[in-house]
Amino acid sequence: MPAKAPVAGLLGRATALYRQGRLDEAEACCRQACAAAPEEAEAWHLLGLCLARQGDQEEALDCLRRAVRMAPAVARYPANLGGILDQAGRREEAEAAYRQALALDPGHAPSHNNLGMALQRRGGLAEAESHFRQAIACAPGVPGPWLNLARVLLELRRSAEAEAASRRALALQPDLPDAANDLGIALLDQGRPAEAEACFRRALQLRPGFAPDHNNLGNALKDQGHYEAARGEYLRARELDSGYPDAVYNLGLLQLLLGEWEAGWAGFETRCLPAMQNRANKVAAPDYGCPRWQGEDLAGKTLLIHGEQGFGDQIQFCRYARVLAEQGVGVRLVCRPELARLFRSLEGVEIHGGSNLAPRNSDCWDFAISLAHRLDTVPATVPLSQGYLTADPAAAAAWRERLAAYPPGRRIGLCWSGNPGFAGNPRRRVPFGLLARLARAAPDALFVSLQKGEAAREAAAPAGMALLDAGRDLADFVDTAALMANLDLVITVDTAVAHLAGALGRPAWVLLPWVPDWRWLLEREDSPWYGSLRLFRQPAPGDWEKALDRLAAELRERAAT
């Protein structure tokens, strides 16, 4: 007993010094305690914490491990060991240490929070959410778990819940810039850019000169149509942090939207950089066992083209496979399996439906979208704008026979929603009820629903419209292409249906939101990508009614001629 008293005093003094940030002195006290009582686990634990804060991670880990061995029932020892392992980049060991701490104390909020962050980093979003919620249940007044919950909910595309979690974090700590920033992102995802702008400006008040906040403010300004102000924020972010590729990427998208394609393509290439922070924008380079094409002469060589991103993107940019094939290049195209049958109509191109099926003997590879950059594409030089895919003749004949059973009149395809899992879909989607005005404008027409997914259920109540729900019979894009071959017109929102119609050279009218995706440019009614498309834009944010009124007037005029 008497020997413990000096050790207790040393540890008490070391703890006070550690909290004051006087780490050298705290370390000296801990070393004295360790020498006086080598079996005292707390002395090794505190020494490890002192060393870790001073950057000596290896000795710190040795001390923490020793403390864990000496006192295996104390939860905070493996919990803090996990924290130092995390700092050292040893993620799997850190996760194991957090789990060990939680096995000892299931109510240890910091371990739930830290384990949630470790899981989120490696993509275990559902389990991460569970641990953040358990951390909140154990310590509801701590803002950190609320902040982390908001971030994982943003990744899960549950922006309304992320908004609520961010607001709770701000209520607990109003000067928390990360919470203001994350609230802005949640609002932006819900199509509320003006409110998001206020949040990003608040974040910048709390931490001036922080590049990611300027980048996000740029996004909020762009989504309101304030394009030059957005450009200024992206440039400011780039100036503050030249290694921050998200701002370069977003500036590239803005430049593409404004028609500045030469600079825009170069900025868009940052999506391939490992440093990209926004996972939704990041594209991982595949391993095909050959180098990436850098624009060198391809004569006598085979290029493997990797389709990326969504169905619409792959349909839009597969044209370059045909362009290069026509130049005599050996071309292999890797695409999503659902598109493989459709893309087999690309002349001279070898199609592989999935990267696991791609051959390993190509000379080089590149992303399909990057080919627009490599080949110096600008609006005036877009290749194959009149179409480059063809519908399957037998499937088209089957649809022709089926449609012949309906009364004479125009056949007009409809698609009013894209992928609900895409964050921007609410801004692009047209409420189905608004489409009733099209029936009044074209009473002779048979409308044909091309809609798939959840939104297709709305076609069950077509509000006076003669509507054939064909979506349920469209197994893949080959079926959709065959049906389109028999339609007089397709009316669609910005989704893969629009790209398919354009790639087939079929007439289509595309409804676009006030701030469109970059590929549709601004103001013009035509598309350099697709000669058969006509664009109908919202005249103001959210105003589908006026856009549809103009489209309906065109339908009436066509009926009269």
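The table below lists the values:
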read-out	value
Cα pair distances exceeding 42 angstrom across the chain, given as percent	36 percent
Protection proxy ranking of 100-109, 500-509 - average other beta-carbon atoms within 10 Å, highest first	500-509, 100-109
Separation of the A299 and R157 label points, Cα + 7 Å toward Cβ, nm	4.7 nm
The chain: calculated mean residue ellipticity at 222 nm from DSSP helix runs of at least 4, using -39500 (n - 2.57)	-15500 deg cm²/dmol
Region 70-141, relative contact order in percent, only Cα pairs under 8 angstrom and at least six apart counted	26 percent
Computed over region 393-560, the ratio Rg/Rh where both radii use C-alpha atoms and Rh is Kirkwood	0.93
Rounded to the nearest 20 debye, dipole of the chain from Cβ charges on Lys, Arg, Asp, Glu	880 debye
Magnitude of the charge dipole, region 302-381, Cβ model with Lys/Arg +1 and Asp/Glu -1, debye to 20	180 debye
Stokes-Einstein diffusion coefficient of region 1-143, Kirkwood radius over Cα pairs, 4 °C, 1.567 mPa s, in µm²/s	83 µm²/s
Selected from G413, G502, A135, residue furthest toward positive end of dipole (the chain; charges at beta carbon)	G413
Cross-link partners of K452 among aspartates and glutamates (Cα-Cα below 12 Å; sequence separation of 8 or more within a chain)	D469, D473, D476
Peptides 112-119, 484-491 ordered by average Cβ neighbours within 10 Å, highest first	112-119, 484-491
For region 421-474, size of Cβ-based charge dipole, Lys and Arg +1, Asp and Glu -1, in debye	280 debye
Cβ-based charge dipole, region 433-489, positive-most Cα from F477, L438, Q451	L438
Net charge of neighbours whose Cβ lies under 13 Å from the Cβ of G218, counting Lys and Arg as +1 and Asp and Glu as -1	-2
Region 302-381 - Rg and Dmax from Cα coordinates, angstrom	11.6, 36
Debye-sum result for region 345-407 in log10 I(q)/I(0), which assumes one identical scatterer on each alpha carbon, at q = 0.13, 0.19, 0.24 Å⁻¹	-0.66, -0.97, -1.15
Highest-first arrangement of 75-83, 514-522, where packing means the average Cβ count within 10 Å	75-83, 514-522
5 Å-binned pair-distance histogram of region 255-301 (Cα, whole percent)	5, 16, 17, 20, 22, 12, 7, 2
Furthest towards positive pole of dipole, L251, G116, Q277, structure part the chain, Cβ charges	G116
Alpha-carbon centroids, region 415-451 and region 71-122: separation in whole Å	49 Å
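Laboratory data are not the source of any read-out in this text; all were calculated from the coordinates shown. Treat the numbers as computed from the prediction; the structure is a model and nothing was measured. Cβ atoms come from the backbone with ideal geometry, glycine included; neighbour counts cover every protein chain shown.
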